[in-house]
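Student: Quick one: this structure, given as structure tokens, is what I'll be asking you about.
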Amino acid sequence: MKKSSIFSSITFIFIMATIGVIFTFILFYQYEREQDTKNFLNRYALLSKSIQYQLVFSPTLKDFFKLLEEYHMKPIKDVKKALYILNHTPIVFQHTSSIGTALILKDNDNAYLYVSTKHYSLLLKDMAYNTKKDLIYISIFVSILILIIMAYIWTIKKLLPLKKLKVEIDKFAKGNLDVKVCQLDNDDEIADVANAFNNAVKQIKRLNSSRILFLRNIMHELKTPITKGRITAEMLPEGKNKERLISVFEKLQNLLDEFITIEKISSGFINLERKSFRLIDIIDEAIDLAMIDRSQVELIKTKELNLKVDFKLFSVAIKNMIDNAIKYSPDKKVQIIVNDKAIIFKNRGEKLQKDLKEYMEPFTSEGNQKDSFGLGLYLVDNILRAHKLQLLYSYKDGWNTFVFKGIKNIISDNQTDKELT
């Protein structure tokens, strides 16, 4: 369980509440015991003096027993029983004066007062002594603890759907639309959130199904004329027109594949097929996709790298960097510098007029140029993010420099130490 989770917080609150109740009960119990002892001794001191006084001054029997009744004291008339009590009951207080002696005796169940003068002695049982007070305190304490535990269990039970909901939201956030139904019948805010999420998932599933159907239909309708056009172009006599037509249809096919990739990335429903590939092979594929003359690309390698990436997507990212570099360079050339920390793309040209983040939005263009950056950098940025990389930009001495930062993190495990040193 996470330290910062709501379940940990609630558990901590209830633990602190329980500790507080226990601590408060201990202090209260000690205080009550001290007060009870104090009141007990004061009462018996008053009783002993009063009874001794009555015994000395020879009260009438009626007045004496009336006094005992008022103080809820009962004489022990059985001599053997009285002797047994005096011999076996602990003495908690003893007082001797000129009038006589007073003893207070107490065990777990009863309290006794023994008073004696020169002529009389008497053992009295305190009928008002309450032995159940401690039991009442303990019962109240246990009841409060039970209520706290029940409240904790009830609270956790009410919040348990949040755990299930979080698991399903995490799955959904990773692109898994086959999440379990989170429909709840409870009449509370958690049920409202769960039901709202459930309805949102159903709606997104319907939209996604519609999107997939639309894409399949439109891609099929576009691929058919492209394929037919390519076949027709192949049937033409050899010459520049044939080469141009074939090039056009290849470009259309590549653009169509790229649009499919863009749609998948922008919708968030793309799974990377990451495997180990030589970077030089990825760059070669990117050059082929760009359909440019290889003399326009100057490759400077300081390392022979194997990268664990999605070959198709990473090739598209590099291809787009090559496209943009050549498009906006007066000499129509690009330098690609490779090391174990970054892939660097450099081209001559004017400095970007806006911040790099603005060019990562689709169809961003320079203010003084008619050409648009289109979806190039937008697609590059999303592909790099999917690979946990970062796109950086700098300008110096007439050179635009774009950097794929973080390459070290995607170097394949089978990259040899010799290659990296």
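Student: Could you tell me whether the stretch 91-112 includes any residue that is of a type in the set (Val, Ile, Thr), modelled with pLDDT of 75 or more and within 30 Å of Thr24 (Cα to Cα)?
Tutor: The first filter runs over the stretch 91-112 and keeps only residues of a type in the set (Val, Ile, Thr), leaving 91-92, 96, 99, 101, 104.
Filter once more, so that each one left must be modelled with pLDDT of 75 or more: 91-92, 96, 101, 104.
If we keep only those that are within 30 Å of Thr24 (Cα to Cα) as well, we get 92.
Yes: one or more hits.
Student: Is there a residue being modelled with pLDDT of 85 or more, charged (D, E, K, R) and either out of contact with any helix residue (DSSP H, G or I) (no Cβ under 8 Å at 6 or more places or on another chain) or part of a helix (DSSP H, G or I) (or both) anywhere in the stretch 395-403? Please lay out each step first, then the result.
Tutor: Pass one, the stretch 395-403, residues modelled with pLDDT of 85 or more: 395-403.
Okay, now just the ones that are also charged (D, E, K, R), so 396-397.
Among the residues that remain, those that are also either out of contact with any helix residue (DSSP H, G or I) (no Cβ under 8 Å at 6 or more places or on another chain) or part of a helix (DSSP H, G or I) (or both) are: 396-397.
Yes, because at least one residue in the stretch 395-403 is modelled with pLDDT of 85 or more, charged (D, E, K, R) and either out of contact with any helix residue (DSSP H, G or I) (no Cβ under 8 Å at 6 or more places or on another chain) or part of a helix (DSSP H, G or I) (or both).
Student: Check Lys164, Lys242 and return the single one that is surrounded by 13 or more Cβ atoms within 10 Å (Cβ to Cβ), touching a Leu at 6+ places or on another chain (Cβ under 8 Å) and of a type outside the set (S, T, N, Q). Don't jump to the end; show me each part of the working.
Tutor: Details: Lys164 fails: touching a Leu at 6+ places or on another chain (Cβ under 8 Å).
Just one listed residue meets the conditions, Lys242.
Student: Counting just the residues of the stretch 353-380 that are small (Gly, Ala, Ser) and surrounded by 16 or more Cβ atoms within 10 Å (Cβ to Cβ), which one comes out modelled with the lowest pLDDT? Working first, answer last.
Tutor: Applying the first criterion (small (Gly, Ala, Ser)) to the stretch 353-380 yields 365, 367, 372, 374, 376.
Now drop any that are not surrounded by 16 or more Cβ atoms within 10 Å (Cβ to Cβ), which leaves 374, 376.
Numbers: Gly374: 56, Gly376: 75.
Result: Gly374.
Student: Could you give me the residue pairs with C-beta distances under 9 Å whose first residue belongs to the stretch 201-216 and is within 11 Å of Leu177 (Cα to Cα) and in contact (Cβ under 8 Å) with a residue 24 or more places away in the chain, whose second residue is hydroxyl-bearing (Ser, Thr, Tyr) and surrounded by 11 or more Cβ atoms within 10 Å (Cβ to Cβ) wherever it lies, and which are 6+ apart or on separate chains?
Tutor: From the stretch 201-216, the pairs are Asn208/Ser267.
Student: Given the criteria within 19 Å of Tyr378 (Cα to Cα), surrounded by 23 or more Cβ atoms within 10 Å (Cβ to Cβ) and either in the same structural domain as Gly349 (by TED's automatic domain parsing) or touching a Ser or Thr at 6+ places or on another chain (Cβ under 8 Å) (or both), does Ala325 qualify? Lay out the reasoning, then the answer.
Tutor: Numbers: within 19 Å of Tyr378 (Cα to Cα): yes; surrounded by 23 or more Cβ atoms within 10 Å (Cβ to Cβ): yes; either in the same structural domain as Gly349 (by TED's automatic domain parsing) or touching a Ser or Thr at 6+ places or on another chain (Cβ under 8 Å) (or both): yes.
The answer is yes for Ala325.
Student: Filtering the stretch 221-238 down to residues that are closer than 12 Å to Leu256 by Cβ and of a type in the set (A, V, I, L, M, F, W, C), which residue is surrounded by the most Cβ atoms within 10 Å (Cβ to Cβ)?
Tutor: Applying the filter and picking the extreme gives Ile226.
Student: Which residue, of Ile287, Ile336, is more than 37 Å from the chain's Cα centre (by Cα), more than 16 Å from Val403 (Cα to Cα) and surrounded by 18 or more Cβ atoms within 10 Å (Cβ to Cβ)?
Tutor: Values: Ile336 fails: more than 16 Å from Val403 (Cα to Cα).
Exactly one residue qualifies, and that residue is Ile287.
Student: Is it true that Asn414 is outside any strand (DSSP E or B), in contact with a Ser or Thr (Cβ under 7 Å, 6 or more places away or on another chain) and modelled with pLDDT under 90?
Tutor: On the way: outside any strand (DSSP E or B): yes; in contact with a Ser or Thr (Cβ under 7 Å, 6 or more places away or on another chain): yes; modelled with pLDDT under 90: yes.
Against the criterion (outside any strand (DSSP E or B), in contact with a Ser or Thr (Cβ under 7 Å, 6 or more places away or on another chain) and modelled with pLDDT under 90), Asn414 qualifies.
The values are calculated or read from the model by the stated rules, or taken from the named source; none is laboratory data. This is a predicted model, so every value here is computed, not measured. Every residue, glycine as well, gets a Cβ built from its backbone with ideal geometry; the counts of neighbours run over all protein chains shown.
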